[in-house]
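A short worksheet on the structure shown next.
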Amino acid sequence: MTTMTRLEYPDLPGLIDRMSGAEKHTPASQSTTDVLWVLYDEILNVSPSTVDDPLRDRFLLSKGHGPMAYYAVLAAKGFIDPAELDTWATYDSRLGQHPDRVLIPGVEIAAGSLGHGLPLGIGMALGLRAQGNSTSRIVVLTGDAELDEGSNHEAIQVAARLNLGRLTTVVVDNSSASLGWPGGIADRFEREGWDAVTVDGRDHRVLADALRDKPGTRPRAVIARVEPKHLFQ
Amino acid sequence: MDMRDTFLTDISAAIDTDPRIALVLADISAVAVEDVALRHPDQVINVGIREQTLIGVAGGLALTGLRPVAHSYAPFLIERPFEQVKLDFGHQDTGAVLVSIGGSHEWTEGGRTHMSPGDVALLDTLPGWTVHVPGHAAEVRELLADALLRDDRIYLRLNIRANRVPHLGSGFQTIRQGTAGVVLAVGPMLDSVLEATAGRDLTVLYASTIRPFDGVRLRSAVWDARPDVAVVEPYLRGTSSHFVNDALADVPHRVLSLGIRRDTEIRRYGTPEQHDTAHGIDPDGLRTAFDGFFSVN
């Protein structure tokens with residue numbers, strides 16, 4: 001184990017560069033950078049020493065593709081050694097193009113196929129509630145295109161009706177849903193009983209305000225809008 | 001009490017005493033557990049008619065250390081949300097107990113939509129699943145109690161029809177000893193097999209657990225009899241053939257696979273017994289198949 005130096009937001013592009021030679025989904029990866037940084041820097045109660053603590057917050061990267069920003073933030077926060085980023089997507093690496101909870105401490109779910117994170121997050125919220133844990137938050141990150149998957153809409157309906165106030169969904173919206181979301185994404189959550197807010201997905205201050213823990217029994221949706229995906233192509 | 005009632009009674013009692021157990025439903029059977037749901041609202045979760053969420057929620061519960069039990073008709077528990085079954089348990093390195101009803105052709109008046117003859121074959125594509133196919137409610141009781149204490153992946157496939165007497169115990173059990181060949185009867189097929197083999201010099205093995213496949217017991221049965229093996233399964237015929245071949249890889253042998261037909265959809269209603277006949281697994285059909293396969297007089 002090498003000594004970890006404290007890394008900050010300006011270090012993230014350099015960390016991402018260690019992987020991007022083999023990257024697969026650059027725009028998706030970069031669309032999540034600011035949300036991920038704010039979550040791990042200001043919001044989530046989890047650290048490399050508490051990845052097995054029952055009272056930790058759980059972050060579920062449902063949109064498992066394009067995980068470079070995720071790995072970069074995990075490296076910056078000491079969950080993985082930055083040197084490991086150089087091994088990315090190779091046979092012996094723990095860091096695949098889709099993250100695997102079995103391989104990486106601190107990664108809560110193995111993702112890749114879209115539409116699994118939110119139902120799993122609901123199960124986690126229910127499981128923690130059944131065990132008397134009203135402390136931990138469950139934060140699920142999805143994309144606006146990932147919302148195409150019908151499993152998300154089952155889950156959106158269920159979460160509010162079961163009063164899962166410890167659950168937050170962040171939808172990183174880079175306008176990549178092929179058929180769009182007429183009326184907006186927040187509307188889908190609100191009509192099913194969620195508190196929903198749409199914010200600038202690049203503005204750390206408003207992201208932190210939107211993501212900060214709030215009391216209540218309603219799950220919370222934060223729609224983080226970023227540049228349309230096509231600008232990167 | 002039939003297998004489904006036994007399951008619902010026993011799971012309710014288990015929830016009353018074990019805070020680690022959580023039952024997840026998609027409306028099916030929800031009325032039958034209303035009382036225990038009132039006593040333990042955090043441990044009985046009905047997500048409505050949403051089977052992807054049924055499985056995903058069970059996966060999330062397992063990630064927090066609970067022992068989830070998800071239950072529905074077999075096609076809605078295994079086939080419809082199959083990718084969730086694949087990714088939300090084994091790929092997460094967690095387990096669950098999936099309890100199905102309906103199976104192959106139990107509610108025949110309901111037709112094809114409520115049948116799932118391919119469920120066991122589908123689970124065979126995933127590592128680490130134990131598959132129980134009990135033939136009697138008393139076996140359900142024992143298999144469920146054991147499953148609730150574990151953390152791994154278990155499929156408990158319940159049937160409406162049952163054998164006359166239970167056969168408790170693990171592994172393949174020898175019900176009848178003969179020399180002219182071996183018939184392996186899975187779960188509720190046993191009574192029809194016993195009727196079809198009456199007076200024949202055949203060994204009859206019984207399996208209420210078909211995965212893991214008890215190849216050791218099959219080998220020893222073949223050691224004592226001619227190496228001709230018939231497998232009678234209440235789901236797609238041939239589902240276990242490769243396990244028989246693996247168990248007998250170094251033994252010249254013959255295999256007859258009986259079960260639900262793969263070559264056609266039986267577009268009929270009627271009774272389960274009529275469907276047994278259509279698939280050739282009623283006692284008469286089995287007897288004819290055995291007479292053609294085994295060298296028995």
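Report, in whole Å, the centroid distance computed from the Cα atoms of the stretch B:40-55 and the stretch B:11-35.
Answer, in whole Å: 10.
If you take each beta carbon of peptide B:61-71 and count the beta carbons of other chains within 10 angstrom, what is the mean?
5
Say each of B:GLU83 and B:LEU38 gets a label point 7 Å from the Cα, pointing the same way as Cα to Cβ; how far apart are those two points in nm?
4.1 nm
Over all Cα pairs of the protein assembly as shown, how is the pair count split among 10 Å bins, expressed in % and running from 0 up to the last occupied bin?
Computed distribution, short to long bins: 4, 18, 25, 20, 16, 11, 5, 1, 0.
Test of understanding: ordering A:LYS214, A:LYS63, B:LYS86 by Cβ neighbours within 10 Å, fewest first, what list do you get?
Ordered from fewest to most neighbouring Cβ atoms within 10 Å, A:LYS214, A:LYS63, B:LYS86 come out as A:LYS214, B:LYS86, A:LYS63.
State, to one decimal in nm², a quarter of the convex hull surface area for the C-alpha atoms of the stretch A:135-233, i.e. the direction-averaged projected area.
In nm², the orientation-averaged hull projection of the stretch A:135-233 is 6.4.
Among all the aspartates and glutamates, which ones have a C-alpha under 12 Å from A:LYS229's C-alpha, if same-chain residues fewer than 8 places away are not counted?
Within the straight-line cut-off, A:LYS229 pairs with A:ASP144, A:ASP173.
So how far apart, in nm, are the two label points at B:THR9 and A:ALA177 if each is 7 Å from Cα heading toward Cβ?
4.9 nm
Go ahead and run the numbers for FRET between B:ASP27 and B:ARG261, Cβ-Cβ distance against an R0 of 25 Å, rounding to 0.05.
Step by step, r from the Cβ atoms, then E = 0.20.
Quick one: Cα centre-to-centre distance for the stretch A:100-140 and the stretch B:180-237, in angstrom?
43 Å
Please report, to one decimal in angstroms, the Kirkwood hydrodynamic radius of the stretch B:1-116 built from all distinct Cα-Cα pairs. Mind showing how you got there, number by number?
Details: mean 1/r = 0.0700 Å⁻¹.
With all distinct Cα pairs of the stretch B:1-116 included, I get 14.3 Å.
How much FRET efficiency would the formula 1/(1 + (r/R0)^6) give for A:ARG212 and A:ARG161, where r is the Cβ-Cβ distance and R0 is 30 Å, rounded to 0.05?
Once the sixth-power term is evaluated, E becomes 0.75.
None of the figures in this text is laboratory data; all of them are computed from the coordinates on show. Computed from a predicted model, the values in this text were never measured in an experiment. FYI the Cβ positions are ideal-geometry reconstructions off the backbone, even for glycines, and counts take in every protein chain you see.
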